[in-house]
Amino acid sequence: MDVVEVLGRFSVQRTQSPVWRATCLKRTVFRPNSLWGFCGRGSGMSTTARCCSNDAKPATGEVFSITSSAKSDIDYLGQSTKGDLNLKEHLVASGIDRQATLEGPIEEIAWMEAKEAEKLLNNLGVPVTVKTVVCKLTDCYMDPFSSRYSPRGIFCSRTLNLRSISAIGYDMDYTLIHYNVMMVDRLDEGAVAEELGPLNYKGLHKAVGKALFRAHVEGQLKSEIMSDPEPFVEPDPELPLALLDQKEAGKRLLLITNSDYHYTDKMMQHAFNRYLPNEMGWRDLFDIVIVSARKPEFFQMSHPMYEVVTGEGLMRPCFKARPGGLYSGGSAQMVESSLDIHGDEILYVGDHIYTDVSQSKVHLRWRTALICRELEEEYSALLHSRSHRAALIELINQKEVVGDLFNQLRLALQRRTKGRPAQTLAATEMDDQELTERIQKLLIVMQRLDQKIAPMLEADGEYFNKRWGFLSRAGLWDKSHLTRQIEKYADIYTSRVSNFLLYTPFMYFRSQEQSLAHDAYSNHPSDFDGFSVNSLKKSPSL
C-alpha cells in the first residue's frame, strides 16, 4: 500500500487501483497566496492534498455516483439522502477499506480538516455559508461572519437538503423580478398630491386600488413598464448566475407566474439575458415555463392547459407539458405528472405567503421558500437596536423581580383579610402597617418603571418603521402573525433569490434549535442537579 501523509499526523491508505494510480499526492503547507487544485471535481481527498500528475482522471462520474430515489435512505436528521454523492460502490470496486482510510480518532481528523477547510475557503474568497463551530477538547472556534448571520442569509424553519430537490419552481413578480416601490414612502414624506384624496393610509389604499384596477383592465400599467423597464425594475446581476448553478447541478427549473406571456417574456429578457453567458437566453434556464397560471387555483384544482406556439402568443390546447415548453394555465398536478416527480422533491420559491407558499405546501406538500425583500432592512434594524433592547430588557427584568415581590405581599394581605396565615412564616409575622407600606412603595416603583419602559418599547420598533414597528415581531418578545405564518408554511426564507449564489446547489439547510417554553431548565443554574419529580411529592410546602 501507498501511504500519503495528510496534515502531518494522519495518513490516507489506498491500494494500487487503476483509478488512483495516476494520482500523486504530497504533503503541503498552507500558503495564503496559493491556490490548490483537486484531482477531478471533488476527489474526496484532504484539502491539503495537491495533484501533481497531469494525467490524473478528472471525471467526476468515474469516481462518484449520485444516490437515486430508488436507493435513497433517511439520514440522521430525517431527510432523504437522494442526490447525495455515493462513494461506496467505487471504494468497493477499488478495494479501498473505508475503515482504514483515515487513521486516528475521527473527532481529531474532522477538527483538523474543518480548520484547513476554513482557511482554504477564506483563501479562495468564498464566504463560509454555515455557522462553523469546531471544537477540540475545550477549545472552540466560531465564525461570526457567515452568510447565515447576514441580511442576505437564507434562514431555515425546517431542515431542507437541496441535494434531494429535483426541481425548483419560481414565481416571477417580486421573486425573480423586483420592482421599485414608492406607494406608502411618498405618503410618509408628504409627496402625494392632495387631489388624490384624503392624505391617510386608508385614503391612499382606496386611491391606489382604484388606479391599479383601471390600469390593469386597460393594460396601461404593464404597457408602460414594458415600454421602458429600466426605471421600474431593480437590476440583479447575481440572480441569473444563481439559477444557472442550480440548472447545471441537475435541477429542473420551472417558471410559474400569473403574468401573461408578452409581459413575462419582455421582463425576463430585460432582467436575465444581459447577465447570462454564451449568448444564453432566459428560456434556456427553464425546463418548463407556465404563464397565466391563475395561482392559487393552480395549486388547488385543474384548469385547461395551452401551449404557446408562436412569438405573438398564439396557443393550442395540450394535455401534457414537455421539457422546454411554454404553456398557459394548467395545474401543479400536470407539472408533477410531466416531470414524474412529486411532493417534497419540488421546491417552490415565491413572495406571497398565501398564493405561493402556503397553498403549494398544504395541497401538494412541496418544499417552500419565501422571498421577503424587507428582511434585509429589518435585519439591519435589529442589529442597530441591540444596545437599546439590552437596556430595555434590563428594566423589564427589574420590574419582574419587583413585581414578584409585590404579588407575594398582595397575596399575603389577601389571606390576612380572610383570617388565614400567609404563604410563609415571615410574611405571616409582618404587621399590617409594614405590609401596607411595603406594597405601596413597590407599586410606586413599578409605576415609575412603566413610565420608563413604555416609551422605550415604542422606540424599539422605530428602528425599522416609525409607525408599524418590526415586521417580524409583535411587541418585545412575541412573533408577528406574518412570522408565525412563515414558520408554519415556509421551509426556508430569504430576502432575494440571488442569495442562493452565496450557497451551493448542494446545501444542507439545518434549522436552528427551536426553543420551547419548558426549555428553560437547560439554561438554569446547577440548583437543579439531582432534582426529581419525587422530590416535589415529598416537599412539605406542596
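The values are calculated or read from the model by the stated rules, or taken from the named source; none is laboratory data. Just so we're clear, the structure is a prediction, and the values are computed from it rather than from any experiment. In this analysis, Cβ positions are derived from the backbone assuming ideal geometry, glycine residues included, and neighbour counts consider all displayed protein chains. What goes into the accessible areas is simple: the full protein's heavy atoms, side chains included, and nothing from ligands, DNA or RNA. Shrake-Rupley method; radii C 1.70, N 1.55, O 1.52, S 1.80 Å.
For the range 321-348 and the range 376-455, what is the separation of their Cα centres, given in Å?
59
For a test of the definition: using alpha carbon positions, the gyration tensor, and the 1.5 limit on a/c, classify the range 338-380 as rounded, prolate or oblate.
On the way: a/c = 3.48, a/b = 2.45, b/c = 1.42.
Prolate, since a/c reaches 1.5 and a/b exceeds b/c.
Please compute the modelled spin-label separation between Thr310 and Ser68, points set 7 Å along Cα→Cβ, answer in nm with one decimal.
Using points 7 Å along Cα→Cβ, the separation is 4.3 nm.
At 1.4 Å probe size, with the rest of the protein present, what percent of the exposed accessible area of the range 381-463 is carbon and sulfur atoms?
Carbon and sulfur together cover 54 percent of it.
Please report, in debye to the nearest 20, how large the charge dipole of the range 256-382 is about its Cα centre when each Lys and Arg carries +1 at its beta carbon and each Asp and Glu carries -1 there.
Value, rounded to 20: 360 debye.
Extension gain His518-Thr424, at 0.36 nm per residue separation less the Cα-Cα distance, in nm? Write down the numbers at each step before the final one.
On the way: separation 94, 0.36 × 94 = 33.84 nm, distance 2.70 nm.
Between His518 and Thr424, full extension yields an extra 31.1 nm.
Protein chains only, probe 1.4 Å: how do Met315, Met430, Met172 rank by accessible area, largest first? The partial results should precede the final answer.
Values: Met315 100, Met430 35, Met172 0 Å².
Listed by decreasing accessible area, they come as Met315, Met430, Met172.
For the range 422-490, with every protein chain kept in place, what is the accessible area per residue (1.4 Å probe, Å²)?
That works out to 70 Å² for each residue.
Return the FRET efficiency for the residue pair Asn407, Gln451: r is the Cβ-Cβ distance, R0 is 22 Å, and the value is rounded to the nearest 0.05.
Calculated transfer efficiency: 0.65.
Quote the charge dipole size of the range 445-508 about the Cα centre in Debye, to the nearest 20; the model charges only the Cβ of Lys and Arg (+1) and of Asp and Glu (-1).
Around 80 debye, computed over the range 445-508.
Nearest 0.05, what FRET efficiency do Glu107 and Leu383 give at R0 = 35 Å with Cβ-Cβ as r?
Working: r = 34 Å, r/R0 = 0.98.
According to the calculation, E is roughly 0.55.
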